[in-house]
Every structure is written in C-alpha cells, then in structure tokens.
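What follows is a set of notes on a single structure, which appears directly below.
Values in this text are rule-based calculations from the coordinates and carry no lab data. Model, not experiment: these values are computed from the prediction. Heads up, the Cβs are rebuilt from the backbone with ideal geometry, glycines too, and the neighbour counts pull from every protein chain shown.
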Amino acid sequence: MAQTIRSRIEAGVRLLRRHGQEHLMQFAAQLSQEEKLRLLEDVKSIDMTLVNELITRYVHQKPKIDIPKEITPAPVYPAHCPPELQKKYQQAREYGERLIAEHKVAVFTVAGGMGTRLMFDGPKGSLPATCLRNKPLFQVFAEGIIATQRCYNSIVPWYIMTSPANYDDTIIFFKEKKYFGLDPANIVFFRQGMMPSFDKNGKMMLAERHRVATSPDGHGGSLRAVYKSGALADMASRGVEYISYFQIDNPLVYVADPLFIGLHALDGAEMSSKAVLKCDPLEKVGNFAIADGRTMVIEYSDLPDELAHQHGDDDSLMFKWGSIAIHIVSRAFVERINSRGFSLPWHRADKRVPYLDENGNRINPDQPNAIKLETFVFDALPLAAKSVTLEIERSEQFAPIKNTAGVDSLHSSQQLQIKRAARWMEAAGIKVPRKKDGSADVIIEISSLFALDADELARKRAQLRPLKPGDIVYLG
Ligand code: UTP
C-alpha cells in the first residue's frame with residue numbers, strides 16, 4: 001500500500017512538473033497516509049489541459065470581453081399587462097398552473113456560493129432572513145414550495161446545488177430542521193464543480209499542506225453539475241419539463257411563477273429570464289440585449305459607457321433591463337447542451353484567498369492576491385434558440401442579501417420584505433399605518449403558507465385584522 005501511494009505521489013509530481021505546478025506536492029513527504037490520498041485526489045480532479053488554457057487566457061492577462069458589434073435592446077413582456085396582451089397573459093398563467101399541477105415543474109436553487117461578502121458562518125441558506133420569525137432562507141423557499149404543492153395539488157421537487165465545501169453542512173441543516181415539512185424524497189442535493197485558485201503568476205495554490213486551494217466554479221457550473229450529478233435524469237424520471245431556477249439569496253422570489261412558466265412554455269422558449277428596470281444607467285446588474293437574434297446578458301462592467309447611457313426613441317435608456325438571476329430553463333435544453341458538450345465563457349475575479357507559503361505558513365492576505373475563475377448561468381442564454389424576458393416589479397420579487405450592511409444587506413432585504421407585506425395588506429383592503437417618511441409603521445411577516453401572492457392574501461381578507469401603529473403581525 002505504502003509503495004503504491006509512493007509511486008502515485010511520484011507520478012503526480014511528474015505530471016505536475018510537466019505543467020510547472022509541482023510545488024503542490026512540496027509537503028507530500030510530511031503528510032500522513034490519509035492526507036497523501038486526499039492530496040492525490042485533489043490533483044487528480046484537476047483538468048490540466050483546461051487549467052493551462054485558462055492560465056494563458058485569463059491569468060497571464062486580463063482579457064477584454066468583446067461584446068458583439070451589433071446589439072439591440074431585448075424585448076420584454078411588461079410587468080403591467082397592456083390590454084393587447086391580456087388574453088396572452090391569462091392563457092400563459094393558466095398554462096403555467098396546469099404544468100405545475102401536472103408535476104412538470106421543478107424548483108432549482110443554486111446555493112454553492114462562498115458568500116464571502118456576507119461573512120456568515122455556514123451555508124447562506126441557513127441565514128435567518130425574515131424579520132419576525134427569523135426563518136432561514138431555505139425555510140422561506142420550502143414554505144413557497146409547500147404552498148405551491150397545496151395550491152395545485154401537485155409535487156414540486158426541489159433541486160439544491162451546493163459546493164463540495166458546504167454540501168455536508170447543508171444536508172445536516174435540512175435533517176435538523178426536518179426538511180421544513182417537505183418530503184425528503186422530493187429534495188435532491190448535488191455538488192457543483194470546483195476550480196483551482198491561481199496566484200498572479202499562474203501557479204495553483206495550496207489551502208493546506210494536503211489540499212489544493214479551490215473555489216466553486218460559478219453558478220454557470222450548475223448547468224453541467226445538474227447533468228453530471230444525475231439530477232437532470234432524476235427530473236426526467238419524474239416527468240419534469242421546466243426548471244424554475246433562482247439563487248439562494250433572494251427571499252422575495254416566487255418559487256414557481258405560473259405566468260413566467262406559462263409564457264416560457266407557450267412561446268417555446270428554452271431558457272427565459274426575469275428582468276427589472278435598472279435604477280441608473282450604470283447599475284451593477286447584467287444588461288439584456290439581442291445579438292445575432294439571440295438574447296444575451298452583458299455584464300455591467302463590459303457594457304461600454306456610451307451604450308449604457310444611450311437613449312432610445314421613447315427617451316428611456318436603450319439598455320434598461322437588468323438581470324436578477326431568475327430563469328425558467330427547459331429540461332430538454334439542459335440535456336441538449338450537455339449531450340453535445342458546451343462551454344461557457346470564464347470570468348476572472350481578483351480576490352483574497354488564504355494560502356500556504358513555501359514554508360508551509362498559512363497566510364491570510366488583506367489584499368486580493370489570487371485569481372478566481374467562474375462561469376455565469378446567464379451566459380447560457382445565447383445557446384437557447386428562443387428566450388422570453390419578463391419584466392417584474394423589483395420591489396415585489398427582488399430583495400437580495402449579499403452584504404453585511406447597506407445595499408443588498410439583511411437589513412435592506414428585511415425592509416423590502418416588510419414593504420411588500422404592507423403593500424399586499426393594502427391591496428387586500430387593510431389600511432396600513434405609515435410614518436412621516438411614508439414607511440409602514442408596523443412590522444408584518446407573511447409566510448407563503450398563508451399567501452403566495454397579493455391575490456391570495458386578498459382572498460383571505462376575512463382573516464385579516466385592522467392594523468394599529470406599532471403593530472407586529474405574523475401571518476403564517
Ligand atoms: P454570488 O455571485 O452572490 O456569489 O452568487 P456568492 O459566492 O454567493 O457570494 P460572494 O460573491 O462570495 O459574496 C449568486 C448565487 O449563485 C450561487 C450563490 O450561492 C448565490 O445563490 N453560486 C455562486 C453558486 O451556487 N455557485 C458558485 O460557484 C457561485
């Protein structure tokens with residue numbers, strides 16, 4: 001056994017040497033048997049051909065992203081249905097409801113990110129996110145799924161992508177919380193791929209003496225991981241045709257929106273998106289555009305300033321639609337791109353990555369010292385022959401939690417959650433006491449188990465009580 005491990009280490013060193021990465025094995029002689037095996041596993045999992053190409057293209061240079069020469073704004077279905085589309089929206093909503101009822105819709109949450117900005121210890125999905133009951137994000141979505149299943153007398157399986165790093169913690173969390181009342185048979189967890197981190201000279205880094213420093217390969221990795229892990233085949237075996245995709249950090253998301261699903265399906269789309277009106281020309285969201293007849297998202301950092309500021313005939317911004325990472329993806333589309341082989345462009349980010357120096361000391365840098373490479377899910381849009389973009393009201397469906405404070409923080413998200421709840425109450429005919437600045441003078445939390453949307457709340461008008469200033473109300 002010892003002999004075999006030694007020869008495997010030697011083979012590993014030879015392989016790495018050919019690629020100028022033999023330093024990854026520099027502590028091998030000091031490792032225990034188990035650690036040696038772990039290191040060998042890490043090294044074996046690295047696709048050296050890909051890594052070499054990425055180092056040349058993305059590490060040794062900061063590649064300029066070329067956007068297509070001819071881009072035009074993407075058409076969207078408006079959030080407020082105009083009279084000429086009323087019939088279509090009605091039809092789409094009903095069709096979406098039917099698809100859910102016929103068990104053809106699954107929910108897919110990507111939860112593999114490192115959440116470095118939030119600095120929360122544990123999977124982001126376990127972050128207490130609601131304002132009164134402090135429900136973790138996973139519970140918020142679980143309740144959305146339970147409510148959808150009840151509403152349509154259906155089963156909506158839930159696929160959750162984690163990274164290898166937060167997989168175990170995520171499973172333990174769900175077990176502890178008894179799957180939030182869902183049937184564990186209808187929840188499928190799987191791991192995404194990882195990508196080594198590189199120093200500025202293109203050398204891979206060690207996180208520990210026996211571990212290569214890696215990070216998740218981006219939410220774009222979900223489209224491959226869902227296939228490779230067998231999750232897509234699981235969907236097929238259940239008869240799922242449409243995947244409702246969203247990120248872990250947005251508690252206001254509609255987990256399975258019949259209108260969105262219906263528009264996607266009626267129009268024969270392969271991958272569709274929700275869009276919000278940008279707050280300002282340079283807002284840090286991806287921009288929807290059309291190039292060569294295909295929908296695409298151009299990162300804010302890649303859209304030239306003059307295009308970002310350009311106005312159209314109606315005097316509004318030409319590129320006014322921002323991406324919020326909510327999609328419907330056809331299962332057949334994911335199958336097709338995987339079976340033919342596909343690749344998404346890589347995006348480089350200069351980040352702080354703890355590493356071991358040549359003496360084996362762990363260094364925690366305070367400045368970006370490393371390059372991480374990720375793919376983004378929206379880069380799959382141009383692979384879709386047809387795509388639908390649906391505008392949504394930002395305040396209704398988007399309150400992301402990314403940062404510890406300020407914009408897109410837990411605090412800002414909770415304020416938006418209360419704001420939406422207050423709006424739903426008003427739409428149901430309940431007067432909401434307001435402070436001088438117009439904000440609600442009450443704290444309200446509405447679980448999806450009580451109402452999935454404003455219409456459902458209005459139907460429960462008889463169960464709602466009048467509100468007094470300072471009231472704290474939980475509807476669950
Ligand atoms: P973010 O871009 O916000 O990244 O991910 P993050 O890793 O969560 O947070 P920071 O940038 O380190 O602060 C958006 C969504 O995509 C998922 C995240 O879990 C989140 O739901 N994601 C991101 C993955 O599932 N895998 C990845 O490799 C990256």
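Using a Förster distance of 25 Å, how high is the FRET efficiency between PHE342 and LYS64, based on the Cβ-Cβ distance and rounded to 0.05?
0.60
For the chain, calculate the relative contact order in percent as a whole number, restricting contacts to Cα pairs under 8 Å that are 6 or more residues apart.
Relative CO of the chain lands at 19 percent.
Alpha carbons only, please: Rg and Dmax for region 386-476, in angstrom.
Spelled out, the Cα radius of gyration and Dmax of region 386-476 are 14.3, 50 Å.
Between GLN86 and ASP292, what is 0.36 nm times their sequence separation minus the Cα-Cα distance? Round to one decimal in nm.
Here the answer is 71.2 nm.
Quick check: convex hull over the Cα atoms of region 1-138, volume per residue in Å³, rounded to an integer?
292 Å³
Tell me which GluC sites (Glu not before Pro) from region 1-106 have a DSSP coil assignment and no more than 12 other beta carbons within 10 Å of their own.
Here the sparse-neighbourhood loop sites are GLU70, GLU102.
What distance in nm separates the two pseudo spin-label positions at ARG209 and ASP437, each 7 Å out from Cα along the beta-carbon direction?
About 5.5 nm, to one decimal.
Once you order the gyration tensor axes a ≥ b ≥ c over the Cα atoms, which shape class does region 56-96 get: rounded for a/c under 1.5, otherwise prolate or oblate by comparing a/b with b/c?
prolate
At what distance in nm do the modelled label points of TYR227 and ASP183 sit from each other, each positioned 7 Å from its Cα along Cα→Cβ?
Between TYR227 and ASP183, the label points sit 3.0 nm apart.
Quick one: P(r) of the chain from all Cα-Cα pairs, 10 Å bins, percents rounded to integers, in order of increasing distance.
4, 18, 28, 26, 16, 7, 2, 0
Taking square-rooted eigenvalues a ≥ b ≥ c of the alpha carbon gyration tensor, is region 110-172 rounded, prolate or oblate, where a/c under 1.5 means rounded and, failing that, a/b exceeding b/c means prolate?
In terms of gyration-tensor shape, oblate.
Would region 314-399 count as rounded, prolate or oblate if I go by the C-alpha gyration tensor, calling it rounded below 1.5 in a/c and otherwise prolate when a/b exceeds b/c, oblate otherwise?
oblate
Mind checking the dipole of region 217-306: about its Cα centre, +1 per Lys or Arg Cβ, -1 per Asp or Glu Cβ, Debye to the nearest 20?
Roughly 400 debye, rounded to the nearest 20.
Could you give log10 I(q)/I(0) at q = 0.16, 0.26, 0.35 Å⁻¹ for region 225-264, computed by the Debye formula over C-alpha point scatterers of equal weight, without solvent?
-0.53, -0.97, -1.07
Give me log10 I(q)/I(0) at q = 0.18, 0.21, 0.25 Å⁻¹ for region 22-68, Debye formula, one equal scatterer per alpha-carbon, no solvent.
Values returned for q = 0.18, 0.21, 0.25 Å⁻¹ are -0.69, -0.79, -0.92.
Write out the GluC sites (Glu not before Pro) in region 375-470 meeting two conditions: DSSP loop, and at most 15 other Cβ atoms within 10 Å of their Cβ.
Qualifying residues, ordered by number: GLU393.
Do any trypsin sites (Lys or Arg not before Pro) in region 60-167 lie in a DSSP loop with no more than 10 other beta carbon atoms within 10 Å, and if so, which?
Those satisfying the criteria are LYS64, LYS69.
Taking 0.36 nm per residue of separation and subtracting the Cα-Cα distance, what length does fully extending ASP314 through ASN201 add?
The span from ASP314 to ASN201 would gain 35.8 nm if fully extended.
Taking the simple approach of a point 7 Å from Cα along Cα-to-Cβ for both ALA332 and SER395, what is their distance in nm?
Distance between label points: 4.1 nm.
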